[in-house]
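Provided herewith is a single structure, encoded as structure tokens, for subsequent inquiry.
The values are calculated or read from the model by the stated rules, or taken from the named source; none is laboratory data. These numbers come from a predicted model, not from an experiment. Reconstructed Cβ throughout: ideal geometry from the backbone, glycine too, with neighbour counts over all protein chains shown. With ligands, DNA and RNA removed, areas are computed over all heavy atoms of the protein, side chains included. Shrake-Rupley method; radii C 1.70, N 1.55, O 1.52, S 1.80 Å.
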Amino acid sequence: MSRTRTTTTTTTTALLTLPLTAAALLATAATPAGAATARPAPSLTCQGKGVDPKALVRARTETVIDAPLSTIWKLQTDLERWPDWQTHVTSTDRLDHGPFRPGSAFRWTTPVPPNPATPATSLDITSTVRQVERGSCIRWTGPAVGEGLHIDGVHVWSFQKVRGGVLVRTEETHTGEQVDANVPYATEILEQGLEAWLGELKAAAEARSCPRG
């Protein structure tokens, strides 16, 4: 099974406890003279729409999940069951009815412990689906609000059948006064959050796909 691979930029979660020194090292690391600079991968899109091109905080990661696409899609779009398999999602509430579609909105919460920028709080996130292509991609946007913290996020998901399963890719951007004040730190948090989400999606989907003895 493939290991998760990160390119650069996840949802703010309990990982906000990451030591600030790690971000400081990222900010001060110098590129050796004459070293080649890798070209960044094109941003993910869904029906031609992607993440915020002006955002300073962005991350992207991917993994291959050894499970049917239908299982993965069901887990990702059955919003009210997210707490069943996502450790840091404490509640979800669908704000509309009917199938998962453009315009679908949902509110979800995740705890955030104290960190160098904000006190301990609970993020209240309201997301609205902007684009969706069944079995292929999802794009949603929305604010995350907590005590002393406001983040505007754009999140894109891509699903592609490949040898060995389904390649799931995700990319997210954050904007807001608090995250823009320390971009390396906020970026590292986002990376860690996206990897955690993708790791738990992988574990849940593969567990449901294993033959039962």
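Would you tally the net charge around residue 153, using a Cβ to Cβ cut-off of less than 10 Å, leaving residue 153 out, and scoring K and R as +1, D and E as -1?
Around residue 153, the surrounding residues sum to -3.
Report the charge-dipole magnitude of region 45-118 in Debye, nearest 20, computed about the Cα centre from +1 at each Lys and Arg Cβ and -1 at each Asp and Glu Cβ.
So the magnitude is around 300 debye.
For residue 204, what is the net charge nearby, where nearby means another residue's Cβ is under 14 Å from its Cβ and Lys, Arg count +1, Asp, Glu -1?
-1
What are the ³J(HN,Hα) couplings of region 73-82, residue after residue, when phi is run through the Karplus curve with 6.51, -1.76, 1.60 and θ = phi - 60°? Round to Hz, x for glycine and proline.
Per residue, the Karplus-derived 3J(HN,Hα) values read 4, 4, 4, 6, 9, 7, 4, 6, 9, 3 Hz.
If I take R0 = 22 Å and measure r between the Cβ atoms of residue 45 and residue 152 in this structure, what FRET efficiency does the formula 1/(1 + (r/R0)^6) give, to the nearest 0.05?
0.75
Which FRET efficiency value, to the nearest 0.05, is calculated for residue 209 and residue 87 with the Förster distance at 22 angstrom and r the Cβ-Cβ distance?
E between residue 209 and residue 87, to the nearest 0.05, is 0.65.
How much area per residue is accessible in region 136-206 when the probe is 1.4 Å and only protein heavy atoms are counted (Å²)?
Heavy-atom SASA per residue in region 136-206 reads 35 Å².
Counting only protein heavy atoms, what percent of the accessible surface of region 143-213 is carbon or sulfur at a 1.4 Å probe?
50
How much net charge surrounds residue 134 when only other residues with a Cβ under 14 Å from its Cβ are counted (Lys, Arg +1; Asp, Glu -1)?
Net charge around residue 134: +2.
Let me ask you something else. For a quick check: with amide H placed at 1.01 Å from N, whose amide H comes under 5 Å from residue 122's, ignoring anything fewer than 5 positions away on the same chain?
It is 112, 147, by chain and number.
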